[in-house]
1. Packing-wise, with mean Cβ within 10 Å as the measure, how do 104-111, 173-180, 246-253 rank, highest first?
2. Give me, ordered by chain and number, the residues 5 or more places off F285 or on other chains with an amide H under 5 Å from its own placed amide H.
3. In whole Hz, what ³J(HN,Hα) sequence does the range 273-285 give by Karplus (6.51, -1.76, 1.60; θ = phi - 60°), x for Gly and Pro?
4. Need the full-extension length gain, E95 to T148, defined as separation in residues times 0.36 nm minus the C-alpha distance. One decimal, nm.
5. What's the ranking of 58-65, 214-221 by average number of surrounding C-beta atoms within 10 Å, highest first?
6. Send over the per residue convex hull volume for the range 55-147, Cα only, as a whole number of Å³.
7. Need the full-extension length gain, S160 to Q82, defined as separation in residues times 0.36 nm minus the C-alpha distance. One decimal, nm.
8. Mind checking the range 96-169 for GluC sites (Glu not before Pro) that DSSP puts in a loop (not H, G, I, E or B) and that have at most 16 other Cβ atoms within 10 Å?
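Nothing in this text is a laboratory measurement; each read-out follows from the coordinates by a stated rule. Nothing here was measured: the structure is a model prediction, and the numbers come from that model. Cβ placement follows ideal geometry from the backbone for every residue including glycine, while neighbour counts extend to all protein chains displayed.
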Amino acid sequence: MQRVRQRRGKLTKAKPDLAKEKAALHRVLGEPVIQLEARPPGVQEILSRGGAVEQLRDRLDRLSGESGGRPCPVDPSKCLHQLRVDEDILYFPFEPLAPQKAVASYSIKACDRGGIAFLESPTGTGKSLALLCAVLAWQRRQAEKVTTVPQIVYGVRTHSQIKQIVGELRKCGYRPRMAVIGSRDQLCANETVKSEARRGRVSLNLSCRQAARCAVANLPGGCNLYRGLGQNSYAQRVHDRYGQAGRIWDVEELLSCAQPKASDQFPGCPYYTAHVLAGDADIVFCPQNYILDPSVSQCRSHHRERWSLKGRIVIIDAPGQCGDGGP
């Protein structure tokens, strides 16, 4: 945000320090930068709206409206046992153990009452599977009554454990729209941007933002994966692979967006794609710091326009051991 200063009784906007901006770009890109004054008209407005990110979001919204539907479907082959808890019928892939029944029951009650539940269960008793079955069953029941249901935000200790919890989702019979979000360290697929960040000794977050900005402004060093977000064919591919109920995926599968198999397919950025998908998902898996760290949980960048913990069902799996997931 540009500073506003008082001068001769009038408020005037301080002019941006173009020399500093140019120097910052030069450090990241490692090559001469076109004069910033030569930006095309309207670039600042495009940047503030997200540009390609907004285009991807709008196209996915339209595609989801055509095919979407809630409540989420179930896979009958995974629904081998039923557990009734109050108004809900929970589907399990096997007969639940006593600790799983207890976890499921208290989870349903916490959702109904809108309260907080601290639950402990011995290691190896299937706590995570019971949590997933319970909250997805509750969400599914709500979807049969109203058109808008709370999103589930499921936090785990580290990025590596996200793959494990996605594996638990594959086991259960519920097939919601899902998303996985994480840091640029995990999801950035542009090796040039990463190497320039290391060479310039700047954070990958800064290097990524500068590359996205250059992509919008058609400056040298722009990220081609960011540009690909705005393509119709890319939005269709993301919708088909990751944006529908029943598509269960993890970080490794999302990274394949950056490496399309066909020569006529546009690549896209997995990091921004993940955050756009999270805006409309039934359940979002993330590192715990997306919930516990205010600098991350309260971030309102353009790619996280719909991110919020307000009114969500928030689960922190093993909260006593907080990992560093990164924004």
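1. Numbers: 104-111: 20.4, 173-180: 24.0, 246-253: 15.1.
Averaged packing, sorted descending, gives the order 173-180, 104-111, 246-253.
2. Y154, A179, V180, I181
3. Karplus-based 3J(HN,Hα) across the range 273-285 equals 4, 4, 6, 5, 4, 5, x, 10, 7, 6, 9, 10, 9 Hz.
4. Details: separation 53, 0.36 × 53 = 19.08 nm, distance 3.12 nm.
This chain segment gains 16.0 nm when fully extended.
5. On the way: 58-65: 15.2, 214-221: 18.4.
Output ranking for 58-65, 214-221: 214-221, 58-65.
6. Working: hull volume 13.5 nm³, N = 93.
Spread over its residues, the Cα hull of the range 55-147 gives 145 Å³ apiece.
7. Details: separation 78, 0.36 × 78 = 28.08 nm, distance 3.08 nm.
Residue separation times 0.36 nm, minus the Cα-Cα distance, leaves 25.0 nm.
8. Values: sites: E120, E144, E168; in loops: E120, E144.
Listed in order of number, the matching sites are E120, E144.
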